[in-house]
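Trainee: Structure incoming, see below.
The values are calculated or read from the model by the stated rules, or taken from the named source; none is laboratory data. This is a predicted model, so every value here is computed, not measured. Note that each Cβ is placed from the backbone with ideal geometry, even for glycine, and that neighbours are counted across all protein chains shown.
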Amino acid sequence: MADDQSSLPTIDPPVRGGGGATPVKTPASRGAAVRAWVGRHRWVVPTLVVGVVIALPLRGVFRAPGPPMEEGFMLVFPERLLAGDIPNRDYLHLYGPGSIWTIAGFFKVFGVSLWTERVVGFLQLVGLIAAMTAIGYRWGRYLAVVCGTVTAVIIIPPIGVTALAWVGGIALALWAVVVATRALDEGQRRERGLTIAGLLAGAALLFRPDLILCLGLALGALFIWALDGTGRRRLALGAGIGVSPYLVHLALAGPGNVVRGMVLEPVFELRAGRRLPFPPPHDEYTSFLNRAFAFRRFPWPLPAAEQPMQIFLFFWTLVAVLVVLVVIAVWAKRAGSEHGWRLVALSLLAVGLLPQAMQRADTAHLSWVSCVAFGLLPVYLAEAARLRGTRVVVTRMAVLAPLVLMLLFPHFTYRWYADYVGQSVDYDRHFYSVDHRGRSFYYGRHDVGVAAELMFADIERHTEPGDRLIVGPGDLSVTPYSESYLYFMLPQLEPGTHYIEMDPGVANADDSGLADELREADVVILSTMYDNWHEPNTSMEPGSDEPNQVLDELYCLYDSYGDNSAAIGPDRPIFELYLRCDQGEGNT
């Protein structure tokens, strides 16, 4: 297909005014020249509009608190890689090494900082939203704007600009399908495009190996039914080259460590402690972090269901949208649409993401999946309208369906997005910076930042560079979450544990080795921030008590910092600092 807009030629208004420049450059002629230039470069308008949608909350999300464990380890892991530590061998990492390698490269060039990591996260967001905008552009500028806007409003709130591997992986996976289906179009450089698509798919798997399901469905359908022998070889060649860096990772980390860290631990050991009820209930929260989010009460002018009900509606609306995508894709393919294979591949990609929402139906995972499904919905509705011969004005209204559907769960889309827009102009901003040694981390509670900085001052007085630090929860036999960012804030100390990220059933397992690591460490920080963790899974089931016993035997409480009594119970501090008993007397 030579013309990107040919499948729905009347969805955008015709361009008038011609393309030639007039000899006399009057204001009217200059305006005509601008209109002509925009007419020749039709991608400019959707790019600018979607760019504004991304930019409006940008200052707010860059200064918003990140998830203390997830953003914490995305700061620590790349820095440890630059220091010579290898994922899976030297520290727990449940996904592919691609995201760590990427951030480490940026750290090497631009320096280790929260801002550098968040720039990577921002680029990943832009890559994802741009891919969806490009998909919409195949049906015209109007659809490009709608698809990009829907995706941005869904994915920005729960992710912000934290450089999580999922966003980068999904962006690469989407572009892989975009390029592969474009290579099917008449007049395109087919072989080169399929090679590039394979490379992008392989890169996506370097970020998240679990994307093999959605990529296997989407590209597998093309591989089996849409490509000839040459095309299959090209796609397979690109994918093979794309995933080949795994050979380097296997050599550095060791095959046994890689299998344990990327397969056994996330699939078999961790799952029972992270899974949430499926489908989500309509009358109660099941996610601890969603429950914590509910305390932020910013205004919403329209009627809305209670937040647990919104999560329930979010999930089932997602399922319904996926069904619609598949039905329209099959219809278009059988009707001989020039977009048939494109729609089939993209719908299979979206369906392949659903297990993420099924295993843990909280708002973050629902957004991770629905940003693709809802972002695709406008073009599927547009294609259905074209096949039915629906009038343009009706089509333009119909493709706004995802924006209407999001009114069923506005607190996790519109309202959260609007909150970040408000924070960008300093409206109702209640987040605070924890600062130490020229490093910063944004946190949602001012008292936590104050307590942390007081603790950092004592650590500076009583430790030496190179001392080994372990950060854990208040009870080391229960490990639902951890304050991983503290390792980033104390760069002079070496992480003394494999479990920079602490997960239930893994860090507290009988054979985890955490007790032995405590025997070798020099300083321990315990945080009570998540001691009231509660989810309907095994996350709070006690594991080995040996780490607590070692702590009692070898360490003395130096001091406590902050007051967490309101959340945990009477006389509970936010942090406790333990030093080895032979390092000096404590304050308590």
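Trainee: Evaluate the following for Met455: is it on the phi < 0 side of the Ramachandran plot and either part of a helix (DSSP H, G or I) or surrounded by fewer than 16 Cβ atoms within 10 Å (Cβ to Cβ) (or both)?
Mentor: Yes: the conditions hold for Met455.
Trainee: Which residues, counting only those in region 470-482, are more than 18 Å from Leu551 (Cα to Cα) and buried (at least 24 other Cβ atoms within 10 Å of the Cβ)?
Mentor: Selection gives Pro480 alone.
Trainee: Return yes or no: is Asp510 modelled with pLDDT of 95 or more and surrounded by 17 or more Cβ atoms within 10 Å (Cβ to Cβ)?
Mentor: no
Trainee: Now for a different question. Do you know which residues across region 244-271 are within 21 Å of the chain's Cα centre (by Cα) and either among the aromatic types (Phe, Trp, Tyr) or surrounded by 15 or more Cβ atoms within 10 Å (Cβ to Cβ) (or both)?
Mentor: Across region 244-271, the qualifying residues are Gly261, Met262, Glu265, Pro266, Leu270, Arg271.
Trainee: Let me ask something else. Identify all residues within region 388-441 that are of a type in the set (Lys, Arg), farther than 22 Å from Gly72 by Cβ and in contact with a helix residue (DSSP H, G or I) (Cβ under 9 Å, 6 or more places away or on another chain); write none if there are none. Please lay out each step first, then the result.
Mentor: Step one: list which residues in region 388-441 are of a type in the set (Lys, Arg), which gives 388, 391, 396, 415, 429, 437, 439.
Next cut, farther than 22 Å from Gly72 by Cβ only: 388, 391, 396, 415.
Of everything in region 388-441, those that are of a type in the set (Lys, Arg), farther than 22 Å from Gly72 by Cβ and in contact with a helix residue (DSSP H, G or I) (Cβ under 9 Å, 6 or more places away or on another chain) turn out to be Arg391, Arg396, Arg415.
Trainee: Tell me which residues, restricted to region 224-275, are of a type in the set (S, T, N, Q) and in a helix (DSSP H, G or I).
Mentor: Scanning region 224-275 gives Thr230, Asn257.
Trainee: For region 364-397, how many residues meet the condition of being surrounded by 16 or more Cβ atoms within 10 Å (Cβ to Cβ), over 19 Å from the mean Cα position of the chain (by Cα) and of a type in the set (Gly, Ala, Ser)?
Mentor: Of the residues in that region, 3 qualify.
Trainee: A further question follows. Output yes when any residue across region 175-189 is within 30 Å of Pro67 (Cβ to Cβ), modelled with pLDDT of 90 or more and either buried (at least 24 other Cβ atoms within 10 Å of the Cβ) or touching a Lys or Arg at 6+ places or on another chain (Cβ under 7 Å) (or both), and no when none is.
Mentor: Within region 175-189, one or more residues are within 30 Å of Pro67 (Cβ to Cβ), modelled with pLDDT of 90 or more and either buried (at least 24 other Cβ atoms within 10 Å of the Cβ) or touching a Lys or Arg at 6+ places or on another chain (Cβ under 7 Å) (or both).
Trainee: Which of the residues belonging to region 290-309 are touching a Pro at 6+ places or on another chain (Cβ under 8 Å) and closer than 18 Å to Met358 by Cβ?
Mentor: Listed by number, the list holds a single entry, Pro308.
Trainee: Related question: For a quick check of your reading of the model, give me the residue pairs whose first member lies in region 308-330 and is farther than 16 Å from Gly375 by Cα, whose second is in a helix (DSSP H, G or I), with beta-carbon atoms closer than 6 Å and at least 6 apart or on different chains.
Mentor: Gln310/His411; Leu313/Leu408
Trainee: Of the residues in region 318-353, how many are within 21 Å of the chain's Cα centre (by Cα) and farther than 23 Å from Ala134 by Cα?
Mentor: Final tally of qualifying residues: 1.
Trainee: Where in region 38-151 are there helices (runs of 4 or more DSSP H), lying fully within it, with 3 or more residues that are crowded, with 24+ Cβ neighbours inside 10 Å and at pLDDT 95 or above?
Mentor: Fully inside region 38-151 and qualifying: 70-82, 98-110, 114-137.
Trainee: Further, regarding this structure: Inside region 470-588, counting only strands (runs of 3 or more DSSP E) that do not spill past its ends, which hold 1 or more residues that are within 32 Å of the chain's Cα centre (by Cα), among the polar types (S, T, N, Q) and not assigned by TED's automatic domain parsing to the domain that holds Arg260?
Mentor: 523-527
Trainee: Here is a check on your reading of the model: is Leu289 of a type in the set (A, V, I, L, M), under 30 Å from Tyr427 (Cβ atoms), surrounded by fewer than 16 Cβ atoms within 10 Å (Cβ to Cβ) and in contact (Cβ under 8 Å) with a residue 60 or more places away in the chain?
Mentor: So Leu289 does not fit the description; no.
Trainee: Taking into account only those residues within region 285-304 that are more than 18 Å from Thr538 (Cα to Cα) and charged (D, E, K, R), which is modelled with the lowest pLDDT? First the steps, then the outcome.
Mentor: Quick first cut of region 285-304, residues more than 18 Å from Thr538 (Cα to Cα) only: 292-304.
Still in the running and charged (D, E, K, R): 296-297.
Working: Arg296: 65, Arg297: 68.
The qualifying residue modelled with the lowest pLDDT is Arg296.
Trainee: Looking only at region 268-286, count every residue that is in contact (Cβ under 8 Å) with a residue 40 or more places away in the chain and among the acidic types (Asp, Glu) and tell me the total.
Mentor: We begin by selecting, within region 268-286, every residue in contact (Cβ under 8 Å) with a residue 40 or more places away in the chain; these are 269-280, 286.
Applying the additional criterion that residues be among the acidic types (Asp, Glu) yields 269.
Counting residues in region 268-286 that are in contact (Cβ under 8 Å) with a residue 40 or more places away in the chain and among the acidic types (Asp, Glu) gives 1.
Trainee: Could you give me the residue pairs with C-beta distances under 8 Å whose first residue belongs to region 173-186 and is outside the structural domain of Asp228 (by TED's automatic domain parsing), whose second residue is among the hydroxyl-bearing types (Ser, Thr, Tyr) and not in a helix (DSSP H, G or I) wherever it lies, and which are 6+ apart or on separate chains?
Mentor: Here the result reads none, with nothing in region 173-186 linked to a residue that is among the hydroxyl-bearing types (Ser, Thr, Tyr) and not in a helix (DSSP H, G or I).
Trainee: Take the conditions at pLDDT 95 or above and not small (Gly, Ala, Ser) and apply them to Ile159. Does it pass?
Mentor: In short, no.
Trainee: Determine whether region 422-442 contains at least one residue that is farther than 29 Å from Val369 by Cβ and part of a helix (DSSP H, G or I).
Mentor: The answer is no, given that none of the residues of region 422-442 is farther than 29 Å from Val369 by Cβ and part of a helix (DSSP H, G or I).
Trainee: Just the residues that are more than 28 Å from Leu94 (Cβ to Cβ) and either surrounded by 15 or more Cβ atoms within 10 Å (Cβ to Cβ) or not charged (D, E, K, R) (or both), please, taken from region 292-306.
Mentor: Phe295, Phe298, Pro299, Trp300, Pro301, Leu302, Pro303, Ala304, Ala305
Trainee: Would you check which residues across region 101-118 are free of Cβ contacts under 8 Å to residues at least 60 places away in the same chain and closer than 19 Å to Met489 by Cα and list them?
Mentor: Ala104, Phe106, Phe107, Lys108, Phe110, Gly111, Trp115, Thr116, Glu117, Arg118
Trainee: Further, regarding this structure: Taking only pairs six or more apart or across chains, which ones have beta-carbon atoms under 7 Å, a first residue in region 210-238 that is more than 16 Å from Gly340 (Cβ to Cβ), and a second residue that is not in a helix (DSSP H, G or I)?
Mentor: From residues that are more than 16 Å from Gly340 (Cβ to Cβ), the pairs are Cys214/Leu353; Leu235/Leu227.
Trainee: Same structure, new question: Sort out which residues of region 153-183 are of a type in the set (A, V, I, L, M, F, W, C) and in a loop (DSSP other than H, G, I, E, B), and write them in order of number.
Mentor: Hits for region 153-183 are Val161, Ala163, Leu164.
Trainee: Inside region 516-551, can you point out the residues that are closer than 22 Å to Arg274 by Cα, acidic (Asp, Glu) and surrounded by fewer than 20 Cβ atoms within 10 Å (Cβ to Cβ)?
Mentor: Asp531, Glu541, Asp545
Trainee: Right, next: Here are some residues: Leu227, Leu222, Leu211. Which one is at pLDDT below 95 and either buried (at least 20 other Cβ atoms within 10 Å of the Cβ) or touching a strand residue (DSSP E or B) at 6+ places or on another chain (Cβ under 6 Å) (or both)?
Mentor: Only one candidate passes the filter, namely Leu227.
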